[in-house]
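Below is one structure, written out as structure tokens, with a few remarks after it.
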Amino acid sequence: MSKKKGNFIEQYIDKAVMGAAIVASLVLLWFFVIASPHAIELSGSSLGPAKIDSAISTEAERLESKLENPVIAKVYESKTDEFFELSACSIKQISDDIFVPLPGLSASEIAEDRLYELPEIPMLADVAVEAIRTAVYIPKEEVDAEHTYQMVQASPGDIDLVSVQSSLDIQQLFKNFKNSFDSTRLRKEWRDSSLANPVFANVVLERQHKLSGDNWGPWEEVPRTKADNIASRLRVLESADPGDAAYMRVTFGTVDSQMDILQPMGYDFAGRTEEWYPPELHKEAVKRWDEDREQFKRDIKTRPGRGGGGMPGMPGMMPGMMPGMPGGGIARPQPVKPRNPKDLTLDEIEKKFQEWLLDKDTRLYQMREPLIVWAHDDTTKPENTYRYRLKVGLFNPIVGRNWFNNEQQDLKDQIVLWSEYTDVTEPVTIQRMANIFPMKTNDQKDAVTIMVSKFYLGDWRSHEFDVRPGEPIGWEVEKESKMEQSNMLEGGLGRTATGTGELVKVDFSTGMTLVDFDVTSDWSGQGILRPRHFTEVIYTEDGQSMHHMPVDKKYWSKTTQALHNEVKDNESEDYSILSGGVGGMGEFGGGQRRSR
């Protein structure tokens, strides 16, 4: 049979097989010869295994040569001009020559021919002053509106904080402003309720330093404390322009700013033996604390001895039995000072303090009681006496305008309107933070035993030193760390110390040097004077002035004896070191109230 007459598949199967073999060969040629599966891409080129090592070596040599060449610094081109150009006009497509029509007159046009009489600022009254010595958290960096006392790092340190308190008739103040700017006696178009809203600008504290005799130095303004968040903002008032007055009146008029101005924040207390109240309330609180301590001492006397059986009124002690007696006896009634009905209790003091405090919900125009304001002084120095006065300032709502009557034209550019000064406070004397008490002579060491009592981290601490002539009085010593625990049923004012074994360094240095000690004599007695022989120490603080002091308590002056007794009554054996932290330690920083 002819091949042409055969089956179609049989006729062309050999050609199909040959074509498939050619395609497969081409695919294998491409994947395994031309485009090798083992090729990798390097610097934008595909390289096979035979060429990769050579290419890497060449690239390494090129980089090495670059490293050997000196570095050419790129010159920075300033973009300042471009930046200011963008700031001047961020939308270049809009022409700055375009005419913008001004708004028309409103139905009630603001009259420029107004005439006002500025309100009288009531004088602050009932001024009181109080000094508190304690340990506080002192900021390590400057505090301002952006870096508040609650944010910066602080460390514990001792301070004499003087607070001055006064009261302001807030109702009279608002009445005076309303009469001046929003009264019915004014023409209708002149009445302006926004001007009738008083905005406090500052509360200024000034002090005098007592000189020799009865002389006093000049009045000087007291800077706000290191913990004051608004102090930096208040400094702009000194150089402010009348044109900025409206803006400042708005920014200072916030609730937080008014609170910081009128009742400035003080420090977080680090000590455990003091709590801050405004001066009037603090004096009352001190009386209650002293009464509690006296009551605690009386309770100690009634505690049982070795043969007793419990506290009075408690199991183990029969009524009428003498505490500490094994068989009984008559209990001696302990005298209790009757309470004056006018005296405030500690709960009443706290309640009154909370009533005085301003908060974010306070509306000054709604207050019916006088507004209590205060200021702090943290720049006092020991052994100095000061007296203080206060004044309050409010923003002049029409500063820079021609709305003043003839008698008040001189106030046109005065941004702040000031009240009169308060009465001058009673003098405040800041005592030394380190005292020495010569106790006895030590003939074996040719020295004098001197007790150094120093206020250190919130408490009085004492240590005896054997000091020879020419040696400093007091130096750093190691003390066993002790934690005081409350042993009083109520109040926590009675404390006992328990050792922890940890040694801490306590600085008892005084800056004084013992010059010499020797026997001297004087005359004493009433009516008939008799000679008295005793040893006295001679010491100096500055190397020039010499001071004399008797050795032995019975030869001390009454003032020195009273000071020694006061120090011993308030002495602490707690040598645990206070740790640092953030300034704002919470509402009761370090366990005590923050002084706002």
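Confirm whether residue 423 is open to solvent by 30 Å² or more (accessible area, probe 1.4 Å) and touching a helix residue (DSSP H, G or I) at 6+ places or on another chain (Cβ under 8 Å).
Details: open to solvent by 30 Å² or more (accessible area, probe 1.4 Å): yes; touching a helix residue (DSSP H, G or I) at 6+ places or on another chain (Cβ under 8 Å): no.
For residue 423, the condition - open to solvent by 30 Å² or more (accessible area, probe 1.4 Å) and touching a helix residue (DSSP H, G or I) at 6+ places or on another chain (Cβ under 8 Å) - is not met.
Here's a check for you: in segment 426-447, which residue that is of a type in the set (Val, Ile, Thr) and open to solvent by 20 Å² or more (accessible area, probe 1.4 Å) is farthest from the chain's Cα centre (by Cα)? Explain how you work it out, then say what you get.
Filtering segment 426-447 down to residues of a type in the set (Val, Ile, Thr) leaves 428-430, 436, 441.
Adding the requirement that they be open to solvent by 20 Å² or more (accessible area, probe 1.4 Å) leaves 429, 441.
Details: 429: 23, 441: 45 Å.
Once the filter is applied, the top-ranked residue is 441.
Condition first: open to solvent by 40 Å² or more (accessible area, probe 1.4 Å) and touching a Lys or Arg at 6+ places or on another chain (Cβ under 8 Å). Can you find one or more residues in segment 405-416 that meet it?
Yes, segment 405-416 contains at least one residue that is open to solvent by 40 Å² or more (accessible area, probe 1.4 Å) and touching a Lys or Arg at 6+ places or on another chain (Cβ under 8 Å).
Looking at segment 123-142, which of its residues are open to solvent by less than 20 Å² (accessible area, probe 1.4 Å) and either modelled with pLDDT under 90 or part of a loop (DSSP other than H, G, I, E, B) (or both)?
Within segment 123-142, 124 is the sole residue that qualifies.
I'm told residue 497 meets every condition in (1) modelled with pLDDT under 90; (2) exposed (fewer than 14 other Cβ atoms within 10 Å of the Cβ); (3) of a type in the set (Gly, Ala, Ser) except one. Can you identify the failing condition by its number?
So residue 497 meets the others, but not (2).
Output the residue which, of all residues in segment 155-196 that are among the charged types (D, E, K, R) and in a helix (DSSP H, G or I), is surrounded by the most Cβ atoms within 10 Å (Cβ to Cβ). Before you say what the answer is, go through the steps one by one.
Narrowing segment 155-196 to residues among the charged types (D, E, K, R): 158, 160, 169, 175, 178, 182, 185, 187-189, 191-192.
Of the ones still in play, those that are also in a helix (DSSP H, G or I) are 175, 178, 188-189.
On the way: 175: 16, 178: 19, 188: 7, 189: 12.
Top of the filtered list is 178.
Modelled with pLDDT of 75 or more, in a loop (DSSP other than H, G, I, E, B) and either out of contact with any helix residue (DSSP H, G or I) (no Cβ under 6 Å at 6 or more places or on another chain) or surrounded by 10 or more Cβ atoms within 10 Å (Cβ to Cβ) (or both) - does that describe any residue in segment 49-70?
yes
If residue 354 satisfies all but one of (1) of a type in the set (S, T, N, Q); (2) assigned to a helix (DSSP H, G or I); (3) at pLDDT below 90, what's the number of the condition it fails?
Residue 354 satisfies every listed condition except (3).
Keeping to segment 500-526, report how many residues are modelled with pLDDT under 60 and open to solvent by less than 50 Å² (accessible area, probe 1.4 Å). Can you show your working first?
Restricting attention to segment 500-526, the residues satisfying the condition of being modelled with pLDDT under 60 are 500.
Adding the requirement that they be open to solvent by less than 50 Å² (accessible area, probe 1.4 Å) leaves none.
Summing the residues that are modelled with pLDDT under 60 and open to solvent by less than 50 Å² (accessible area, probe 1.4 Å) in segment 500-526 gives 0.
Could you tell me whether segment 210-224 includes any residue that is open to solvent by 10 Å² or more (accessible area, probe 1.4 Å), among the acidic types (Asp, Glu) and in contact (Cβ under 8 Å) with a residue 60 or more places away in the chain?
Taking every residue of segment 210-224 in turn, none turns out to be open to solvent by 10 Å² or more (accessible area, probe 1.4 Å), among the acidic types (Asp, Glu) and in contact (Cβ under 8 Å) with a residue 60 or more places away in the chain.
Can you name the residue in segment 388-402 that is open to solvent by less than 10 Å² (accessible area, probe 1.4 Å) and of a type outside the set (Ser, Thr, Tyr) and, of all such residues, is farthest from residue 197 (Cα to Cα)? Explain how you work it out, then say what you get.
First, the residues of segment 388-402 that are open to solvent by less than 10 Å² (accessible area, probe 1.4 Å): 388, 390, 392-396, 398.
Pick out the ones that are also of a type outside the set (Ser, Thr, Tyr) and you get 390, 392-396, 398.
Numbers: 390: 22, 392: 16, 393: 14, 394: 10, 395: 10, 396: 11, 398: 12 Å.
Per the stated criteria, the residue is 390.
Among the residues of segment 355-387, count how many are within 23 Å of residue 430 (Cα to Cα), open to solvent by 40 Å² or more (accessible area, probe 1.4 Å), of a type outside the set (D, E, K, R) and touching a Ser or Thr at 6+ places or on another chain (Cβ under 9 Å).
Result for segment 355-387: 1.
Mind checking which residues of segment 467-477 are open to solvent by 10 Å² or more (accessible area, probe 1.4 Å) and either at pLDDT 95 or above or not in a strand (DSSP E or B) (or both)? Show your work before the answer.
Filtering segment 467-477 down to residues open to solvent by 10 Å² or more (accessible area, probe 1.4 Å) leaves 468-472, 475-477.
Within segment 467-477, 468, 469, 470, 471, 472, 475 qualify.
Return a yes/no flag: does segment 448-459 have any residue that is surrounded by fewer than 19 Cβ atoms within 10 Å (Cβ to Cβ) and farther than 16 Å from residue 510 by Cα.
The answer is no; no qualifying residue exists.
Between 250, 236, which is touching an Asp or Glu at 6+ places or on another chain (Cβ under 9 Å), free of Cβ contacts under 8 Å to residues at least 40 places away in the same chain, among the hydrophobic types (A, V, I, L, M, F, W, C) and on the phi < 0 side of the Ramachandran plot?
Values: 250 fails: touching an Asp or Glu at 6+ places or on another chain (Cβ under 9 Å).
Result of the check over 250, 236: 236.
Return the only residue of 274, 284, 291 being at pLDDT 70 or above, within 23 Å of the chain's Cα centre (by Cα) and not small (Gly, Ala, Ser). It would help to see each step written out before you state the result.
Values: 284 fails: within 23 Å of the chain's Cα centre (by Cα); 291 fails: within 23 Å of the chain's Cα centre (by Cα).
One residue alone meets the criteria, 274.
For segment 185-198, state whether one or more residues are in contact (Cβ under 8 Å) with a residue 60 or more places away in the chain, touching a strand residue (DSSP E or B) at 6+ places or on another chain (Cβ under 6 Å) and of a type outside the set (Asp, Glu).
Within segment 185-198 (the criterion being in contact (Cβ under 8 Å) with a residue 60 or more places away in the chain, touching a strand residue (DSSP E or B) at 6+ places or on another chain (Cβ under 6 Å) and of a type outside the set (Asp, Glu)), the answer is yes, since at least one residue qualifies.
The values are calculated or read from the model by the stated rules, or taken from the named source; none is laboratory data. For clarity, every value in this text was computed on a predicted model and none was experimentally measured. All Cβ positions, glycine included, derive from the backbone under ideal geometry; neighbour counts span all protein chains shown. Heads up: the accessible areas ignore ligands, DNA and RNA and are worked out on the full protein's heavy atoms, side chains in. Shrake-Rupley method; radii C 1.70, N 1.55, O 1.52, S 1.80 Å.
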